[in-house]
Each structure stands twice: as C-alpha cells, then as structure tokens.
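Below: one structure, written as structure tokens.
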Amino acid sequence: MVTVTANQPVVEMQSITKQFLDVVANRNINFNLFPKEICALLGENGAGKTTLMNILFGYYTCDKGEIFIKGKKAELSSPRDAICRGVGMIHQHFTLVPSQSVLENIIIGTEMRKSGFLDLKAAKDKLLHLQERFGLHIDPEARIWTLAIGEQQRVEILKALYRDVEILIMDEPTAVLAPSEISDLFRTLKSLVQEGKSIVFITHKLKEVIAIADRIVVLRRGEVVAERRTGDTNLRELANLMVGRDVLERISRKKIPPGEPVLEIHNLAVSNDKGLEAVKDIKLVVRKNEILGIAGVSGNGQRELAETLFGIREPQKGTIKINGITLHSGSPVSAIKLGMARIPEDRIETGLMMDLSVEENLILETHVSPDFHKRGLLNFNKIHQFSNELIEGYGIMTSGRDAVTRSLSGGNLQKVILARELSGKPTLIVASQPTRGLDVGAMEYIHQRILQEKERGAAIILISEDLDEIFILSDRIVVMYEGQIMGDVQLEEASREQIGLWISGVKK
Amino acid sequence: MIGFKIVKRKPLPGWARLVIPVAAIIVTLVLSAIPILIAGGNLWKSYYFLFYGALGTRYNLLETFVKASPLIFTGLGVAFAFRAKFWNIGAEGQLLAGALTATWVGINAAGAPKILLLPVFIACGFIAGGIWAAIPATLKTKLKVDDVVSTLLLNYVMIHIMGALLFGPLQQPGSSWPRSSEIVEAAKYPMLLVRSRFHLGIPLAFFAVAIIWFINDKVVFGYQSRAVGVNIKAAHFGGINTTSVILRTAIISGGLAGVAGVGELCAIQYRLIMDISPGYGYSGIVIAMLGNLHPLGVLFSSFFFSVIIVGAQTMSRMTGVPYYIAEVIQGMALMVMLVFLLLTEYKIMVIRK
Ligand SMILES: Nc1ncnc2c1ncn2[C@@H]1O[C@H](COP(=O)(O)OP(=O)(O)OP(=O)(O)O)[C@@H](O)[C@H]1O
Ligand SMILES: [Mg+2]
C-alpha cells in the first residue's frame, strides 16, 4: 500500500462550479489527486463526473474555481494546455483515425521534427521504448480498424504516455471491454502507478472500484457527497452513497412457463464489415415470457446477429420469423412492424440523432403512427404529451423535451432509447448491452423494466458481456463463440464455470 | 505575451438570432467601404446611391422585389436540400431546366386560357427542375455518387442541352441568335402593379417561403428530412425510408429552382435566351448559407442581395464606382455571416501568458 495522504497532491481542484444553461453540472467541487494513486470517481448518470474531468482536461472552462497542478495554478483553456501540464484524458468514445496506423495515430499533433521533416524513426523508437517500459504491446504499423476495442484502448493509453502524461483520466474505460481485457487493463494501470503516474478512473461497476482504486470520491447531483479509502468501505455502502438509497439487486423474478415461440431463427449466416463470416449457421428459438441471455465476449458475432435482427444488416442466408411471419431482411420497418423493440449497442451512431431534441428522438419510430399525425401533419399536442410522459416515466434527466440530445449524460442517452423502444408494447425485445455505462440505480431500474416486459408477455433476447446481468435476468443462457452457439442451458442447470468455459471456446 | 484562444460559449439567447444577421449586414457595409474607396468612389455618395437606387423610388423599390423573387426560390431550394445534407449545388441547372420546359410548353400552347395555362406552366417548371435534381439524388442513394460533384456537373450538361436546343429545334424561325420565339400571351405572368414589373412570381415566392417553413416545422416529411440530415444511419434504423426522403427533398429543392426559371421566362424575358439567369442558382447557395438555412433567413438575405444588385447599378451610374463592387459586397456578406455564425458558438478570449 502506498501512503498517499502524506504527499502533496498533484492535482487540486478548488470549489469548481460549472453550469450548462439550467443544469448545474458541478457545484463547489473540491477534488484532489495524489501522486501514485488510482482514484475512482463514482456517481449516478448525470452526476457530473465527465464534466469535472473535462474541466481538468481543459475541454470545458469552469465558471468558478481554481485548479492547481503540481502546486502551480493552472489556467486551462484547451486540452493542449492540459497536456502541456501532464494531464491526459481518454474519453469513452475513442478519437483514433481508423484508416491510419497505430504509430500515425500516436504521433498526430506532436510530430518530432528534424530539419522540418517528420522523424518517424525517432518516434517509433520512443514508442517501442514506452511499450517495453509499460508492457503495452501492439504492432506500431497495424491499422486501427483491424484492432479489437481493448487494443484500441491500449493505443489511446500509449498516445497519452507518448505525450509524457503524468496524470491520466479514464472515462468509463471498462464499459466496452471484455472481462479478460479488463484484467489486462488493470495490470497496465497498476504498472503505470508504479512508474509514478496518477490515475482518475470513472466507472459504474462497483466491483471494479473495489478491485483497483486506492481512494473513492462519490459525486451526486454535481456535488461531492463522500470520500472513502477502499479498505474502509464496501459495495453496499458505495451503492448507497451514489444513489442516496439502498440499492442491491434484490430482483424478484416470477417463474413463468415460457409460451409459444415468438422468434425463430433458422440457419442464419451473416458476414461482418470486413466480409468475413461472423455468424455461422445459427438456429435459435425464443418464446413468449422468456428471456434468452446471449453471453460471450464482444466480437464473436453478437453485433452482426443483433444488426440482422434490427433489419440494418443483410444476412447471407437463413430466415428469421417473428410470430410465424418472415422478417424482411434488411428492413428496419419490417422489424418495427412485427413488434420488435431494438436496443442497439451503438447508441450515438445508430440509436440517436444527437443534434435533434429529446422529443424528436423519442418519436423516431412512432411519428408515423396514426396517433401522431393527421394527413401528413404532426400532432404536437399528442407528441408533447407522449414525450413528457416518457421523460417523467423513465426519469430522463434533461432540461426538457426540447433540449438537444447532445447535452444529455451517457446514461440518460440510454434511457431515451429505452423509453422510445419500450413505449410500443413490443412482442419481442432485442437488447444489446442495455446497461453498458449505466449507474447501479439506473441498471436496477432497467433490469426491472426488462423483467416486467417479460411478465407482460414479451420474448426477449439479452446480449451482454456482463455475466452478472446474464444470470440475474435470463431464463435460458446460450454462449456465442466465433459466430456459433456454444451451448444452451436453462438457468437452473447453468453454472458459471461451465459458461466461462464456453465463453473461452472450450466445449464440455 | 498576449495570445488569443477560441473557446466554446454558452448558447446565445433567442434574440441574438435576430440581432446577428442585422449586425452582420452592418459590418458588411462598413467593410465594403474599403473596395469602394479603392475604386476611387466617394463613400457617402456611393452608399447614398446604393440605397437610393434600390429603395429610393417606387419603381426602384418594386424592381428590388422583382430581383428578389428568383433569388428567394433558388435560395429556398438550396436551403431545403442542405438541411437534409443533400448538397445541391445544381440550382442553376434546375432553374434552366424549368425555364426550358416552360418555353417549350409556352410556345406551343396557343389558344389555351390564362387561368388554366399558368398553373400548368408553373407545375411544368417545378417538375422539370425536380427531375433534374432527382437524377443526382438517385445516383447518390443507389450508386453512392458524390452529390456535390454530380449536381455541379449537371449544371453544365443543362447549359449545353439548352444551347443545342436554342440553335436547333427551339430557335426562333429566321433568327440567327440562340433565342426562342416569344411565348404566347396567355403564358405571361400577370403584372400586379401598374407602371412596374411587379409580377405574379413575387407573391408566389413569399408563398413558397411560408410553405417551406410549414413543411419544416409541422409536416411529417419535414421532420424526416431533418432526421436524415442529422444522422442518416439512425434515421434508417428508426424506419425512415432514407432513399425516398432524399429523393423527395431533391425534387422539392430542384422544383423551387425550376419555378425561378419559369418566373424569369414568363415575367421578364418572354423568350428563352442563353443568359436567362445571371447565376441565380449559384447566388442561391450563398443566400441559403447567409440565411442559416431557415426560410425566413433566406427571405431576408435574398432581399439584401437584391438591394445590392439593384442599387449597385445606380451607384455605378452616378459615381463611376464599377458595378462589380456589388459582387464583392455579396461575397463579403457571406464571409462576415460565416464568422458571425462561428461567434455564436465560440468566443475569442484574450490571454496573457
Ligand atoms: N455540453 C453540455 N450542455 C448542456 N448540458 C450538459 C452538457 N454536458 C453535460 N451536461 C449536463 O450536465 C450534467 C452532468 O453531465 P456529465 O456528462 O458530467 O455526467 P456524468 O456523471 O458523466 O454521467 P454519465 O455517468 O451518464 O456519463 C447532466 O445533467 C448533463 O445533462
Ligand atoms: Mg460521463
């Protein structure tokens, strides 16, 4: 254990206040980061974590307050200023250029010059040296688009280290990672700290916090409400501090015998963007009142399967039937008409129109229903009522239905999609990573909603990398590995060991 | 050391949206003093005649309306397309398509009553412009052909088609000029005010502004078109038929430009000539940007342009400042507006290092 408190903090943020229009995202926040420490920042969706860190990274300027970095007062008006002072940030959405190589991405903006020319050799040497020192191995010539998410994140970390960053901010780095990638990341973070770096780590997963952090700061509604040393707290207390009430998933599940088949998938084969076969000859049946959990590490065909069901990807072969009616391949309208609620994993690119208002996003699928328009004219009375009800009902934190969607926090974006998709009383729900990036309170809420939908009679496919989630919700579990279904068990007969083996590709 | 830094600012309140275009125009006029002075003009005299020429007499004022009409149509068309991110640079060609079709109908429609003929005329121009814009839209949605390039190139295709016809089947019998016969009397737009060229196309342009405004804000299609413009992937995911939305957007956009062509033919020239449009289609692009793609903005910026165009003639006649100063001012207006729009989202901070 490192004794941190005795040291002078490397970062001191004093009474930081930041207001967006009518939302106070940060109110009088005092935040310190000590050398060689991993500090976890916890808080509900919209608590102001990203905002606070964006201020430290110079991306936003605060309305009030002062920042000291290594004892010196810092005026940060752009990320460049922050980087100069040794602060680096890895956003949840990566900023790499897919068609360029690892090396090119890393040196962007810092080009080492020798008589005005790019000195690629020196840059590569420096990169290889860094890789050696921190054990972050990756081929400098590889193109970004060929890398897995976990590897891309490693590139982002290297990019920060390349700029001699001493303070590293990571905004929900584990949300997109597979379990094995998460343990790799943790090993990396530990070695960074040993080398003298300090890290701020944002996550919603309390177990990770306990596993990696030295100290925990909890935000609620823009204010710091608690600070704990990891040894002095537990999951239950943390959940409580975040949400302000008791949350521990004590979900009551009614055992309902599954009804007739709703979704039938026959011999489905789908290729991915690179033209390789991603889903190989899959057969699946999901019944009324049944939740089928699809476990597995991302990148084993789940995305392609989901997109085919959504109607935004054409399969190579096979049929999909919903209540006996064939789904037109490659037609989102057909999926919507057959009563499918679709929760895509890629919220910003696929699910939402970030520059339109919350309301305009909520009516995306329903604006064509006779309720909402008459002879081509939108019926705004009904639409306003509809969106107000959803915003209220799902607790979407926003200044109102007219707020631009871009201003919502990560978790609230997901609520907008859920509200939109579940509002139509679907017969089938296909949910891809539905609680990724959500806080414990919101997660509990969404789990309850999914169970309610099941009790109401929906058939549900739940694609998730989170085994806890799979075990909490599913009635039946299958595992996808390299485009195939590895196993199919009822919950009662499933053991974590067996599922774990299937996930890593081991049969029996 | 003192440096400057550009940082994001809080969204401006609603009134700023009204103040900004006005401020931009004032700044433009101040900056326009530079070229006027360089051209050796007397500043006050030049400005006086610029505005006098455009607004000073009844005839001049009405003439400003006459010039604004085609600009409103093309500006509106371009703005409508841009909002859906269909980059229609081809309003010029669509305008010509409208004028060409109207000419063909107009020469051959002897004997039909005016009440009947005019709507048919306008519809023909709209459809022709719409079809000419539908071609690049289809190329874009089916074959992923870049719309900026295809719409632009189709302008030249249309100019050459028009040239071929004006030297061929459409040429006025006995004439050696590339010009058509005059359209029949019944096809001419009625003049609505005496002793002026204030014609039917002007109220029609105002009507079009209202219609587009209405479509944008109240009609299902306007919502879909905006959704496609913001995130086509999400719009497709949400069940919007993006191919059809882009096609319909293009048809409306090209159709509006086509009606501009009908107006120039039926109210101004009465016969098709090669330079029936002095680049109204291209001005439409600038006007759409200047008007921030909003119908009302388009209306205002069209008038601003038309004041400059009409006024510059008088200014040049009375002070000797060359006429092309008008174009310099138009270009300047766009630059100033773009800077102003940037300043609505960002602010410049002075920092001391
Ligand atoms: N650019 C912005 N414009 C307007 N409001 C904003 C903006 N950025 C954030 N907000 C608001 O500020 C509050 C805090 O948002 P922030 O993104 O910091 O939350 P967060 O704690 O990171 O949440 P999450 O866990 O969901 O990512 C939210 O209410 C959000 O809607
Ligand atoms: Mg966040």
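The values are calculated or read from the model by the stated rules, or taken from the named source; none is laboratory data. As the structure is a computational prediction, the values presented were derived from the model and not from experiment. Counting neighbours? That spans all protein chains shown, and the Cβs are built from the backbone with ideal geometry, glycine included. Ligands, DNA and RNA are stripped out before the accessible areas are found, and what is left, the full protein with its side chains, is counted by its heavy atoms. Shrake-Rupley method; radii C 1.70, N 1.55, O 1.52, S 1.80 Å.
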> Gap in Å between the Cα centre of the range B:143-177 and the Cα centre of the range A:151-194?
Replying inline: 60
> Just the C-alpha atoms of the range B:198-353: what Rg/Rh do they give, with Rh taken as the Kirkwood radius?
Replying inline: 1.06
> Sorted by packing (mean other beta-carbon atoms within 10 Å per residue), highest first, where do A:385-398, B:64-77, A:72-85, A:209-222 land?
Replying inline: B:64-77, A:209-222, A:385-398, A:72-85
>> Regarding the protein assembly as shown, what's the average projected area of the Cα-atom convex hull, expressed in nm²?
In response: 43.4
>> Stokes-Einstein diffusion coefficient for the range A:11-243 at 20 °C in a medium of 1.002 mPa s, Rh from the Kirkwood formula over Cα pairs: what value in µm²/s?
In response: 117
> Taking one equal scatterer on every alpha-carbon of the range A:266-325, how large is log10 of I(q)/I(0) by Debye at q = 0.17, 0.19, 0.20, 0.28 1/Å?
Replying inline: -0.57, -0.71, -0.79, -1.36
> Roughly what angle does helix A:149-162 make with the longest principal axis of chain A, taking Cα atoms, 0 to 90 degrees, to the nearest 10?
Replying inline: 10
> Highest mean first, what order results for B:241-251, A:374-384 on Cβ atoms within 10 Å?
Replying inline: B:241-251, A:374-384
>> From the protein chains alone at 1.4 Å, what is the descending order of accessible area for A:K124, B:K85, A:K254, largest first?
In response: A:K254, B:K85, A:K124
> Relative contact order for the range A:11-243: what is it in percent, counting Cα pairs under 8 Å that are at least 6 residues apart?
Replying inline: 29
> Among the lysines, which fall within straight-line cross-link reach of A:K18, defined as a Cα-Cα distance under 22 Å, with same-chain neighbours fewer than 8 residues apart omitted?
Replying inline: A:K49, A:K64, A:K72, A:K73, B:K5, B:K8, B:K10, B:K347
> With chain B treated as a Gaussian network of Cα nodes joined by springs under 10 Å, which of B:S175, B:S32, B:S306 yields the largest mean-square fluctuation?
Replying inline: B:S175
>> If you average the C-alpha positions of the range A:351-417 and of the range A:420-489 separately, how far apart do those two centres end up, in angstrom?
In response: 23
>> Under a crude label model (7 Å from the Cα following the beta-carbon direction), how far is A:Q385 from A:Q452 in nanometres?
In response: 2.0
>> If you scale each eigenvalue of the Cα gyration tensor by 5 and take the root, what three semi-axes come out for chain A, rounded to whole angstrom and sorted largest first?
In response: 39, 28, 23
>> If the reach is capped at under 18 angstrom between alpha carbons, list the aspartates and glutamates near B:K67, excluding any in the same chain fewer than eight residues apart.
In response: B:E92, B:E264, B:D275, B:E327
> Sequence-distant or interchain residues sharing an amide H contact under 5 Å with A:R215, placed H: which?
Replying inline: A:I38, A:A40, A:T230
> Sorted by accessible area with a 1.4 angstrom probe, largest first, how do A:H91, A:H129 fall?
Replying inline: A:H129, A:H91
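What's the extension gain from A:D273 to A:T188 if we count 0.36 nm per residue and subtract their Cα-Cα distance?
That works out to 27.6 nm of additional length.
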>> If each residue of separation counts as 0.36 nm, what is the full-extension length gain between A:N30 and A:L235 once their alpha-carbon separation is subtracted?
In response: 71.4 nm
> Which percent of the Cα-Cα distances in the range B:266-353 go past 19 Å?
Replying inline: 54
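Across peptide A:333-345, how many C-beta atoms of other chains are within 10 Å of each residue C-beta, on average? All intermediate terms of the calculation are to be shown ahead of the outcome.
Working: counts 5, 1, 2, 3, 1, 0, 0, 0, 0, 3, 0, 3, 0.
Mean partner-chain Cβ count within 10 Å for A:333-345: 1.
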> If you bin the C-alpha pair distances of the range A:139-232 every 5 Å from 0, what whole percents do you get?
Replying inline: 3, 11, 22, 23, 19, 12, 7, 2, 1, 0
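Looking only at other chains, what is the average number of their beta-carbon atoms within 10 angstrom of each beta-carbon in B:232-245?
Mean shielding count: 6.
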> Over chain B, how many percent of alpha carbon pairs lie in each 20 Å bin up to the one with the longest distance?
Replying inline: 28, 55, 16, 1, 0
> What FRET efficiency would be calculated for the residue pair A:C84, B:E327, taking the C-beta separation as r and a Förster radius of 30 Å, to the nearest 0.05?
Replying inline: 0.10
> Between A:I256 and A:Q14, what is the label-to-label distance in nm when each label sits 7 Å out along the Cα-to-Cβ direction?
Replying inline: 5.8
> Looking at the range B:132-241, which trypsin sites (Lys or Arg not before Pro) are DSSP coil and have at most 14 other C-beta atoms within 10 Å of their C-beta?
Replying inline: B:K144, B:R195
> Once you average over the residues of A:59-67, how many Cβ atoms of partner chains fall within 10 Å of each Cβ?
Replying inline: 1
> So if R0 is 30 Å, what FRET efficiency would A:H328 and B:K114 give, r being the distance between their Cβ atoms, rounded to the nearest 0.05?
Replying inline: 0.05
>> Cut-off under 22 Å on the C-alpha distance; same-chain residues fewer than 8 positions from B:K114 excluded. Which lysines are left, in chain and number order?
In response: B:K188
> Among A:177-186, A:148-157, A:272-281, what's the highest-first ranking by average C-beta atoms within 10 angstrom per residue?
Replying inline: A:148-157, A:177-186, A:272-281
